[in-house]
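Q: Got a structure for you, questions after.
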Amino acid sequence: MATIHEVMSDTPTRDDDQLLPDGDSIDQPSADTPSRGYTDEQKYQIFNKEFMPHIDSMYNFAFRLTTDEDDANDLVQDTYLKAFRFISSFEQGTNAKAWLFRILKNSFINDYRKKSKEPAKVDYQDVETTYNSEDAEAEHTVDLRAESVSDLIGDEVATALNSLPVDFRTVIILCDIEGFTYEEMAKILDIPIGTVRSRLHRARNLLKEKLRDYASSMGYNEENED
(Lines give C-alpha, C1' and ligand atoms only; values in the text may rest on other atoms or scores of the structure.)
Protein backbone atom coordinates (compact mmCIF):
# COMPACT_ATOMS: atom_id res chain seq x y z
CA MET A 1 0.00 0.00 0.00
CA ALA A 2 1.29 3.42 -0.93
CA THR A 3 2.12 5.96 1.74
CA ILE A 4 1.34 9.65 1.82
CA HIS A 5 4.99 10.34 0.99
CA GLU A 6 4.81 8.15 -2.13
CA VAL A 7 1.55 9.71 -3.24
CA MET A 8 2.87 13.22 -2.72
CA SER A 9 6.17 12.54 -4.48
CA ASP A 10 4.63 10.70 -7.46
CA THR A 11 2.00 13.34 -8.21
CA PRO A 12 3.07 16.69 -9.66
CA THR A 13 1.63 19.83 -8.15
CA ARG A 14 -0.23 21.97 -10.68
CA ASP A 15 -0.70 25.70 -10.39
CA ASP A 16 -4.15 25.46 -12.00
CA ASP A 17 -5.40 22.95 -9.46
CA GLN A 18 -7.52 25.45 -7.57
CA LEU A 19 -10.59 23.49 -6.50
CA LEU A 20 -11.55 22.28 -3.08
CA PRO A 21 -13.10 18.80 -2.86
CA ASP A 22 -16.58 20.33 -2.83
CA GLY A 23 -15.92 22.39 -5.94
CA ASP A 24 -15.32 25.73 -4.18
CA SER A 25 -12.32 27.78 -5.16
CA ILE A 26 -9.42 28.19 -2.77
CA ASP A 27 -9.79 31.94 -2.55
CA GLN A 28 -13.58 31.70 -2.11
CA PRO A 29 -14.24 28.74 0.21
CA SER A 30 -17.76 27.70 1.07
CA ALA A 31 -19.18 29.14 4.27
CA ASP A 32 -20.13 25.66 5.46
CA THR A 33 -16.63 24.24 4.89
CA PRO A 34 -14.68 25.29 7.99
CA SER A 35 -10.93 25.00 8.13
CA ARG A 36 -9.82 22.78 11.00
CA GLY A 37 -6.54 23.50 12.71
CA TYR A 38 -4.98 20.07 12.53
CA THR A 39 -1.32 19.70 13.44
CA ASP A 40 0.97 18.04 10.90
CA GLU A 41 0.95 14.88 13.03
CA GLN A 42 -2.85 14.84 13.05
CA LYS A 43 -2.97 15.32 9.29
CA TYR A 44 -0.75 12.29 8.71
CA GLN A 45 -2.77 10.22 11.18
CA ILE A 46 -6.04 11.11 9.46
CA PHE A 47 -4.55 10.39 6.05
CA ASN A 48 -3.14 7.00 7.03
CA LYS A 49 -6.00 5.79 9.24
CA GLU A 50 -9.05 7.24 7.48
CA PHE A 51 -8.03 7.76 3.84
CA MET A 52 -5.57 5.00 2.93
CA PRO A 53 -7.86 2.05 3.83
CA HIS A 54 -10.08 3.08 0.90
CA ILE A 55 -7.37 3.14 -1.75
CA ASP A 56 -8.47 -0.15 -3.37
CA SER A 57 -12.06 1.06 -3.71
CA MET A 58 -10.76 4.35 -5.04
CA TYR A 59 -8.72 2.59 -7.71
CA ASN A 60 -11.66 0.38 -8.71
CA PHE A 61 -13.87 3.45 -9.05
CA ALA A 62 -11.21 5.31 -11.02
CA PHE A 63 -10.64 2.36 -13.35
CA ARG A 64 -14.35 1.96 -14.04
CA LEU A 65 -14.55 5.65 -14.88
CA THR A 66 -11.43 5.87 -17.05
CA THR A 67 -11.25 2.22 -18.30
CA ASP A 68 -7.47 2.67 -18.39
CA GLU A 69 -4.97 1.47 -15.77
CA ASP A 70 -2.55 4.37 -16.15
CA ASP A 71 -5.31 6.97 -16.09
CA ALA A 72 -6.86 5.28 -13.07
CA ASN A 73 -3.57 5.35 -11.18
CA ASP A 74 -3.06 9.01 -12.08
CA LEU A 75 -6.59 9.85 -10.98
CA VAL A 76 -6.16 8.09 -7.63
CA GLN A 77 -2.84 9.81 -6.99
CA ASP A 78 -4.33 13.17 -7.91
CA THR A 79 -7.26 12.50 -5.58
CA TYR A 80 -5.07 11.61 -2.62
CA LEU A 81 -2.85 14.60 -3.22
CA LYS A 82 -5.91 16.87 -3.13
CA ALA A 83 -7.23 15.06 -0.07
CA PHE A 84 -4.02 15.82 1.81
CA ARG A 85 -3.79 19.39 0.56
CA PHE A 86 -7.35 20.13 1.70
CA ILE A 87 -7.43 17.84 4.70
CA SER A 88 -8.31 20.78 6.95
CA SER A 89 -11.78 20.83 5.33
CA PHE A 90 -12.38 17.19 6.37
CA GLU A 91 -14.02 16.53 9.72
CA GLN A 92 -12.19 13.71 11.45
CA GLY A 93 -14.36 10.68 12.13
CA THR A 94 -16.94 11.39 9.41
CA ASN A 95 -17.47 9.47 6.16
CA ALA A 96 -13.98 9.56 4.66
CA LYS A 97 -14.87 7.21 1.80
CA ALA A 98 -17.70 9.42 0.55
CA TRP A 99 -15.46 12.50 0.91
CA LEU A 100 -12.71 10.86 -1.14
CA PHE A 101 -15.14 9.63 -3.79
CA ARG A 102 -16.44 13.17 -4.19
CA ILE A 103 -12.91 14.47 -4.76
CA LEU A 104 -12.22 11.72 -7.30
CA LYS A 105 -15.49 12.39 -9.11
CA ASN A 106 -14.72 16.11 -9.33
CA SER A 107 -11.18 15.41 -10.51
CA PHE A 108 -12.47 13.09 -13.21
CA ILE A 109 -14.99 15.65 -14.44
CA ASN A 110 -12.54 18.55 -14.32
CA ASP A 111 -9.53 16.80 -15.80
CA TYR A 112 -10.27 13.59 -17.62
CA ARG A 113 -13.37 14.54 -19.56
CA LYS A 114 -11.33 17.35 -21.08
CA LYS A 115 -9.03 14.77 -22.65
CA SER A 116 -11.95 13.47 -24.73
CA LYS A 117 -11.36 9.90 -23.59
CA GLU A 118 -14.97 9.76 -22.41
CA PRO A 119 -18.08 10.46 -24.49
CA ALA A 120 -19.79 13.79 -24.03
CA LYS A 121 -22.14 14.22 -21.11
CA VAL A 122 -25.30 12.25 -21.77
CA ASP A 123 -28.27 14.11 -23.22
CA TYR A 124 -30.94 13.45 -20.58
CA GLN A 125 -33.61 14.92 -22.87
CA ASP A 126 -33.13 12.03 -25.29
CA VAL A 127 -32.96 9.49 -22.49
CA GLU A 128 -36.18 10.76 -20.91
CA THR A 129 -37.98 10.45 -24.24
CA THR A 130 -37.12 6.75 -24.34
CA TYR A 131 -37.20 5.72 -20.70
CA ASN A 132 -39.94 7.89 -19.24
CA SER A 133 -42.71 6.18 -21.19
CA GLU A 134 -45.50 4.47 -19.26
CA ASP A 135 -43.92 1.05 -19.82
CA ALA A 136 -40.53 2.23 -18.55
CA GLU A 137 -41.99 3.90 -15.48
CA ALA A 138 -44.08 0.83 -14.70
CA GLU A 139 -41.06 -1.47 -14.79
CA HIS A 140 -39.66 -2.03 -11.32
CA THR A 141 -35.89 -1.90 -11.09
CA VAL A 142 -34.21 -3.32 -8.02
CA ASP A 143 -30.74 -3.27 -6.59
CA LEU A 144 -28.56 -5.23 -9.03
CA ARG A 145 -26.91 -6.96 -6.07
CA ALA A 146 -30.24 -8.72 -5.44
CA GLU A 147 -30.80 -9.81 -9.04
CA SER A 148 -29.89 -13.14 -10.58
CA VAL A 149 -27.61 -11.35 -13.03
CA SER A 150 -25.37 -10.46 -10.09
CA ASP A 151 -23.95 -13.97 -10.46
CA LEU A 152 -22.85 -13.14 -14.00
CA ILE A 153 -20.27 -10.51 -13.05
CA GLY A 154 -17.44 -10.95 -15.51
CA ASP A 155 -16.06 -9.60 -18.74
CA GLU A 156 -19.47 -9.30 -20.41
CA VAL A 157 -20.98 -7.38 -17.51
CA ALA A 158 -17.92 -5.16 -17.19
CA THR A 159 -18.09 -4.43 -20.91
CA ALA A 160 -21.79 -3.61 -20.69
CA LEU A 161 -21.20 -1.35 -17.69
CA ASN A 162 -18.30 0.43 -19.37
CA SER A 163 -20.44 1.06 -22.45
CA LEU A 164 -22.96 3.14 -20.47
CA PRO A 165 -22.69 6.93 -20.56
CA VAL A 166 -20.43 7.95 -17.71
CA ASP A 167 -23.20 9.62 -15.66
CA PHE A 168 -25.25 6.42 -15.67
CA ARG A 169 -22.20 4.22 -15.12
CA THR A 170 -21.26 6.26 -12.09
CA VAL A 171 -24.56 5.86 -10.23
CA ILE A 172 -24.50 2.09 -10.72
CA ILE A 173 -20.93 1.90 -9.45
CA LEU A 174 -21.69 4.03 -6.40
CA CYS A 175 -24.93 2.25 -5.46
CA ASP A 176 -24.75 -1.34 -6.67
CA ILE A 177 -21.00 -1.93 -6.39
CA GLU A 178 -19.77 0.41 -3.66
CA GLY A 179 -22.98 0.37 -1.60
CA PHE A 180 -23.40 4.09 -0.99
CA THR A 181 -26.81 5.29 0.19
CA TYR A 182 -28.90 7.68 -1.90
CA GLU A 183 -28.02 10.46 0.54
CA GLU A 184 -24.29 9.78 0.19
CA MET A 185 -24.57 9.59 -3.59
CA ALA A 186 -26.40 12.91 -3.68
CA LYS A 187 -23.50 14.53 -1.82
CA ILE A 188 -20.85 12.84 -3.94
CA LEU A 189 -22.53 13.80 -7.22
CA ASP A 190 -23.87 17.19 -6.11
CA ILE A 191 -27.39 16.37 -7.27
CA PRO A 192 -30.77 16.05 -5.46
CA ILE A 193 -31.79 12.64 -4.10
CA GLY A 194 -34.71 12.59 -6.53
CA THR A 195 -32.28 12.91 -9.41
CA VAL A 196 -30.17 10.09 -7.95
CA ARG A 197 -33.22 7.81 -7.88
CA SER A 198 -34.36 8.61 -11.42
CA ARG A 199 -30.85 8.40 -12.87
CA LEU A 200 -30.28 5.05 -11.17
CA HIS A 201 -33.61 3.75 -12.48
CA ARG A 202 -32.66 4.69 -16.04
CA ALA A 203 -29.12 3.38 -15.66
CA ARG A 204 -30.34 -0.03 -14.47
CA ASN A 205 -32.77 -0.23 -17.38
CA LEU A 206 -29.99 0.59 -19.82
CA LEU A 207 -27.67 -2.00 -18.28
CA LYS A 208 -30.38 -4.68 -18.22
CA GLU A 209 -31.02 -4.13 -21.93
CA LYS A 210 -27.34 -4.61 -22.67
CA LEU A 211 -27.20 -7.73 -20.51
CA ARG A 212 -30.44 -9.35 -21.69
CA ASP A 213 -28.99 -11.36 -24.58
CA TYR A 214 -26.00 -12.53 -22.57
CA ALA A 215 -28.13 -13.41 -19.55
CA SER A 216 -30.50 -15.44 -21.74
CA SER A 217 -27.59 -17.40 -23.19
CA MET A 218 -26.57 -18.27 -19.63
CA GLY A 219 -30.02 -19.60 -18.78
CA TYR A 220 -31.32 -16.49 -17.02
CA ASN A 221 -35.06 -16.04 -17.62
CA GLU A 222 -36.90 -13.01 -16.25
CA GLU A 223 -40.14 -15.00 -16.23
CA ASN A 224 -38.63 -17.26 -13.57
CA GLU A 225 -37.99 -14.42 -11.12
CA ASP A 226 -39.76 -14.69 -7.78
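The values are calculated or read from the model by the stated rules, or taken from the named source; none is laboratory data. Worth saying up front: this structure is predicted, and the values here are computed from it rather than measured. Here the Cβ positions follow ideal geometry from the backbone for every residue, glycine too, while neighbour counts run over all protein chains shown. The area values use the complete protein model at the heavy-atom level, side chains included, leaving out ligands, DNA and RNA. Shrake-Rupley method; radii C 1.70, N 1.55, O 1.52, S 1.80 Å.
Q: Counting only heavy atoms of the protein chains, get the accessible area per residue of region 169-214 (1.4 Å probe) and round it to a whole Å² value.
A: Per residue, region 169-214 has an accessible area of 40 Å².
Q: Here is a follow-up. Could you sort Thr170, Thr39 by accessible area so the largest value comes first, with the probe set to 1.4 Å?
A: I get Thr39, Thr170, largest accessible area first.
Q: Considering only Asn60, Ile46, Tyr80, whose Cα is most displaced toward the positive end of the charge dipole of region 41-107, charges sitting on Cβ of Lys, Arg (+1) and Asp, Glu (-1)?
A: Sorting the options by dipole projection puts first Ile46.
Q: When all protein chains stay in place, what accessible area (Å², nearest 10, 1.4 Å probe) is found for Ser198?
A: 40 Å²
Q: Order the following by accessible area, largest value first: Ile103, Ile193, Ile55. Probe radius 1.4 Å; ligands, DNA and RNA are ignored.
A: Final ranking, largest accessible area leading: Ile193, Ile55, Ile103.
Q: Would you kindly state how much longer the chain becomes between Asp70 and Asn162 on full extension, computed as 0.36 nm times their sequence separation minus their alpha carbon distance, in nm to one decimal?
A: Here the answer is 31.5 nm.
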